[in-house]
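Heads up, the thing below is written out as C-alpha cells.
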Amino acid sequence: MSWHPQYHSSKFRHVYGKAASKDKCYDCVPITCSVHDNHFCAVNPSFIAVVTECTGGGAFLVIPIKQTGKLDPHYPKVCGHKGNVLDIKWNPFNDFVIASCSEDATVKIWDIPNQLLKRNITTPKKELLGHARRVGLIEWHPTADNILFSSGYDYKIMIWNLDVKDAVLSRPVKILDVHKDVVLSMSFNTDGSLLATACRDRKIRVIDPRAGTVLQEASYKSHKANKVLFLGNMKKLFSTGTSWWNNRQIALWDQNDLSVPLLEEDLDGSSGLLFPVYDSDTHMLYVVGKGDGNIRYYEINPEKPYLNYLMEYRSHLPQKGIGMMPKRGLDVAACEIFRFYKLIPTKSLIEPISMIVPRRSESYQEDIYPLTAAAQPALTAQQWLNGINKGPLLVSLKPGSGAVNSLPQFLDPEPFTKATDMSQQEGGGGRILLEDEQKLREIRGGRKRLNMEEESQKNKQRCFSNGLDIFDRPPPKTESELLHVYFRQQEEICRLRALVNQRDVQIKQLELELRNFRMDTDNY
C-alpha cells in the first residue's frame, strides 16, 4: 500500500480529530438499515437530519442541533414518502428548507418550522414528479437560488427550478440524458457551471448542465470510480473507487484531460465505500470510510506532489454515513476547521467529530479561517438558467462580522446583470465578496440614502416637543414622569445606534468604492 513521508511543512500538519463527549452526542436515534451508498445525514447550523426506519414508507428525523442526549422514541418524523428515503440535502441558502428523494420515484421539498417538532410532517412544500424509477441522488446548486438536481435509476439527471409557485412539478427545466447506467455521484465546481458525475459504467464525466453536453469523459479501466468531487478552483477532480484487485483506491484528475489520472493510490483492502469531502477554504481533503471508523485527511497542492498526507483519525466504531457542518456553524474559538457527524447504527448514536488545529492563543485565527461561502445566493434561478455564472458570495467567520446565518432570500433579477457581465469578461466563475454585492446594490439604489436621511431628520424633529428639547426640560417630579423620560431616552439611544450603524455601512461602502476605483485605474 501507500507510504507517506514523516514530515510535511504545513499549518495543518498537526490537525487532529476530537470526538464529542457522550452528553454532546445524539443517542437512541433509529438510523436507517438501507444499504444504499449515501451519507444518510445532512447538517446545518440549526438542524441535523438523519434518515431513519419507518414502517409503511420512508421517513427522516429533523433534530435541533442543540438538542443532544437521548432522543424521545416517539419524536416526530418527516414521513411523506411511500418508499425508503435514499438522500436528503439542506438548502444551502435557507436553513429551514430540506429536500429528500426516495424509492417512490419522487423528490419532495419540506419546510421545517423554527421550533421543536410536535407532530409528524406529512405534507411537503413541493413535490417533483419526473423520474420513472427511484431517485438516488439530489444536489442543490452552489450559487443559484432554488435550483435542484436529481438523479434516478432511469439514468437521467433532472434540473428543477423551484421558484415557480406550483406545489407539484412534473416538468423539469432540463433533462440530462447522457449516461448509460446509474449515476453514483454528482459534484459541482465552485460557480456551478460544470457538473462532474461518476457512473456505474466505470466512467467519469464532466458535463455542461445547461447545454446538456459531455465536455470530458474518462474511460480509464484500472480505476472503477464510485464517488467524484470537484476540488474547488484547482481545475482538478478527485475520485474514490476500487482497483482491478478490489483494493480501495483514490485518484486525482485534470478536469480538462481525463485520459490518465495525475495520481493513483491504493489505500487498503477493505470493501466499504470511500466518501471524499473537500474543504476549499483550507484545501484539505477528507476521505471517510464506510464500514470502518477511519477518516484520512490530506492537503491538496496545485503542483506536484498534488496530494500530501497529513494524518488519520481512527475509531473502533464503524460509521454507516456521515454529515458535514457548513463552515458558518463551526466553533472558531476552539480553532475548529471542520466537523463531521458520524452515524453509528450499532449503538443508535450520532457522534460529532471536530477537526481542530492546535493553537495556544484564544484569539480569532485569521490564517486558518479565510473568507468562506455565505448563506446567500449569488444568482437567481432564472439568471443561472439564462447562462450567467457567478462564484459564491464570501463572508468572514470572525465573531461579530455578521452575514453568517441564512435567511429566506428575495432577489431582484435585474441588478446582477452588469456585474455578472464584468465577472465573465474577467474570466468568469470568480468568487465575489458579499460586501461588493451590497455596495453594487447600494450604488444602484441611491434613493435609499436620501430616504434614510429624510427619516433621520424626522426622527430628530421627534426629539422636540412644543419647541423645547425633551432632554432640556426640568427633572421629573413623579414616578410616571420619570418612567416617561426613561422610555424616551431609550428610544433616542436606539435611534442614535441606528444612525451610527448607517454611518459605518456608508464608510465601508466608500472604502470598497475607493478600492475598486484603484483596481480599475491600475488595470488601465
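Observations on the model:
- Loop sites in the stretch 132-214: trypsin sites (Lys or Arg not before Pro), DSSP, at most 11 other Cβ within 10 Å: K165, K180
- The string of couplings for the stretch 390-398 from the Karplus curve (6.51, -1.76, 1.60, θ = phi - 60°) is 7, x, x, 5, 10, 9, 8, 8, 4 Hz, one whole number per residue in order, with x for Gly and Pro.
- Full-extension gain in nm, D111 to E264, via 0.36 nm per residue minus C-alpha separation: 50.8 nm
- Expressed in Å, the radius of gyration and Dmax of the Cα atoms of the stretch 16-373 are 19.6, 56.
- Spacing of the two label points (7 Å from each Cα toward its C-beta) at R13 and T55, in nm: 5.8 nm
- For the stretch 74-145, alpha-carbon Rg and Dmax in angstrom: 12.4, 37
- Multiplying the residue separation of R518 and V214 by 0.36 nm and removing their Cα-Cα distance gives an extension gain of 105.4 nm.
- S361-D177 pseudo-label distance in nm [points 7 Å out on the Cα-to-Cβ vector]: 5.9 nm
- Summarising the amide proton neighbourhood of L273: residues at separation of 5 or more, or on other chains, whose placed amide H is nearer than 5 Å comprise K290.
- Taking amide hydrogens as placed 1.01 Å from N in the peptide plane, the amide H of V178 sits under 5 Å from those of I157, each at least 5 positions away in sequence or on another chain.
- Heavy-atom accessible surface of the stretch 180-219, averaged per residue, reaches 34 Å², computed with a 1.4 Å probe.
- The stretch 32-71 and the stretch 264-329 have their alpha-carbon centroids 22 Å apart.
- Backbone amide hydrogens, once placed in the peptide plane, bring K227 within less than 5 Å of T240, excluding anything fewer than 5 places away on its chain.
- Normalised contact order of the stretch 16-373, rounded percent, pairs of Cα under 8 Å and 6 or more residues apart: 13 percent
- Rg and Dmax of the stretch 137-222, based on Cα coordinates, read 13.1, 48 Å.
- Shown is the FRET efficiency for N256 and L483, computed with R0 = 51 Å from the Cβ-Cβ distance and rounded to the nearest 0.05: 0.10.
- Largest to smallest in accessible area, the residues E492, E217 fall in the order E217, E492 (1.4 Å probe, all protein chains included).
- Per DSSP, loop GluC sites (Glu not before Pro) in the stretch 310-405 with at most 13 further Cβ within 10 Å: E362
The values are calculated or read from the model by the stated rules, or taken from the named source; none is laboratory data. Note that the structure is predicted; figures quoted are calculated from it, not measured. Ideal geometry is used to build each Cβ from the backbone, glycine not excepted, and the neighbour counts take in all protein chains shown. Surface accessibility is based on the protein's heavy atoms, side chains included, excluding ligands, DNA and RNA. Shrake-Rupley method; radii C 1.70, N 1.55, O 1.52, S 1.80 Å.
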